[in-house]
1. Has the range 96-106 got at least one residue that is under 21 Å from residue 187 (Cβ atoms) and part of a strand (DSSP E or B)?
2. Can you pull out the residues in the range 127-142 that are closer than 17 Å to residue 159 by Cα and either of a type in the set (S, T, N, Q) or outside any strand (DSSP E or B) (or both)?
3. How many residues does the range 143-160 contain that are open to solvent by less than 50 Å² (accessible area, probe 1.4 Å) and outside any loop (DSSP other than H, G, I, E, B)?
4. Can you pull out the residues in the range 185-221 that are more than 15 Å from the chain's Cα centre (by Cα) and in a helix (DSSP H, G or I)?
5. Residue 78: at pLDDT below 95, out of contact with any His (no Cβ under 8 Å at 6 or more places or on another chain) and surrounded by fewer than 17 Cβ atoms within 10 Å (Cβ to Cβ), yes or no?
6. Take the conditions in contact (Cβ under 8 Å) with a residue 40 or more places away in the chain and either closer than 16 Å to residue 190 by Cα or not acidic (Asp, Glu) (or both) and apply them to residue 138. Does it pass?
7. I'd like to check something: does the range 134-142 contain any residue that is within 24 Å of residue 179 (Cβ to Cβ), surrounded by fewer than 19 Cβ atoms within 10 Å (Cβ to Cβ) and over 13 Å from the mean Cα position of the chain (by Cα)?
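The values are calculated or read from the model by the stated rules, or taken from the named source; none is laboratory data. In this text the structure is predicted, and so the values were computed from the model without any measurement. A quick note on method: Cβ atoms are made from the backbone with ideal geometry, for glycine too, and the neighbour counts reach across all protein chains shown. Only protein heavy atoms, including side chains, enter the accessible area calculation; ligands, DNA and RNA are left aside. Shrake-Rupley method; radii C 1.70, N 1.55, O 1.52, S 1.80 Å.
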Amino acid sequence: MTVEKKPGRPARKLIAVAALAGILAGAAAVYVMESGSGNAGQDATAAAGGKQCPLARDTAAALTPLFAGQVAAMMAVDEPRPLPALTFEGPDGQKRTIEDFAGKTLLVNLWATWCVPCREEMPALNALQKELGSDRFEVVAINIDTGTDEKPKAFLDETGVHDLGYYRDSSMGVFNALKKEGLAFGLPVTLLMDEKGCLVSAMNGPAAWDSDDAKALIRAAVAASPDA
């Protein structure tokens, strides 16, 4: 399905879906398949998270009023914390983890070509990265299609999504690790993480990431960094 969209403006259909996601925040998303995990997934307790992410709670509190409009489904986590080692491949085919992005605020998104809401959302994520991507912020969109790179790369080419780095986990291990953490119920799933790799908030379901609401949230998240 082709989504017609004016530059800088979220697609109407995606806005409607995002609005519905806000109403149903916390409900399970759709189009999920499970597979064997390539990530072991270590439990992160609230106590440990509090010790390792002492400033992230203030960040989450400051951002909560911005979880509105097109990003209303975003919810602050009960206790900001680092996540288990999420292993995936980078554009060069080498293994990456969240720790490799230290110093950047991250919007981590899991997507697949068989997930219709994901396909609707990718151009918006691409636009967000194009406008706000920097040495302080990155959209890390991780494709979890099983099999080869053919389908996801073809989809990105067809939709003109060229500003996002190509991150990939064909084992679906990242999804399964996040599911174990109680963060992933379906696709797409999106995490907001601070510059120290601490999880601040999470969302299940799509959003209009090229909207003014989304940009305001990301700008505030980057500004909340102690190094900003």
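1. The answer is yes; a qualifying residue exists.
2. Of everything in the range 127-142, those that are closer than 17 Å to residue 159 by Cα and either of a type in the set (S, T, N, Q) or outside any strand (DSSP E or B) (or both) turn out to be 127, 128, 129, 130.
3. Filtering the range 143-160 for residues open to solvent by less than 50 Å² (accessible area, probe 1.4 Å) gives 143-145, 152, 154-156, 160.
This time we only want the ones that are outside any loop (DSSP other than H, G, I, E, B), so: 143, 152, 154-156.
Total meeting the criteria: 5.
4. 212, 213, 216, 219, 220
5. Values: at pLDDT below 95: yes; out of contact with any His (no Cβ under 8 Å at 6 or more places or on another chain): yes; surrounded by fewer than 17 Cβ atoms within 10 Å (Cβ to Cβ): yes.
When the stated conditions are applied, residue 78 passes them.
6. On the way: in contact (Cβ under 8 Å) with a residue 40 or more places away in the chain: no; either closer than 16 Å to residue 190 by Cα or not acidic (Asp, Glu) (or both): yes.
The answer is no for residue 138.
7. Checked the range 134-142: no residue is within 24 Å of residue 179 (Cβ to Cβ), surrounded by fewer than 19 Cβ atoms within 10 Å (Cβ to Cβ) and over 13 Å from the mean Cα position of the chain (by Cα).
Let's see how each residue does on (1) more than 19 Å from residue 155 (Cβ to Cβ); (2) surrounded by fewer than 18 Cβ atoms within 10 Å (Cβ to Cβ); (3) out of contact with any Asp or Glu (no Cβ under 6 Å at 6 or more places or on another chain); (4) at pLDDT 95 or above:
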{"residue": "66", "(1), (2), (3), (4)": "yes, no, yes, yes"}
{"residue": "71", "(1), (2), (3), (4)": "yes, no, no, yes"}
{"residue": "74", "(1), (2), (3), (4)": "yes, no, yes, yes"}
{"residue": "86", "(1), (2), (3), (4)": "yes, no, yes, no"}
{"residue": "94", "(1), (2), (3), (4)": "yes, yes, yes, yes"}
{"residue": "115", "(1), (2), (3), (4)": "no, no, yes, yes"}
{"residue": "118", "(1), (2), (3), (4)": "no, no, yes, yes"}
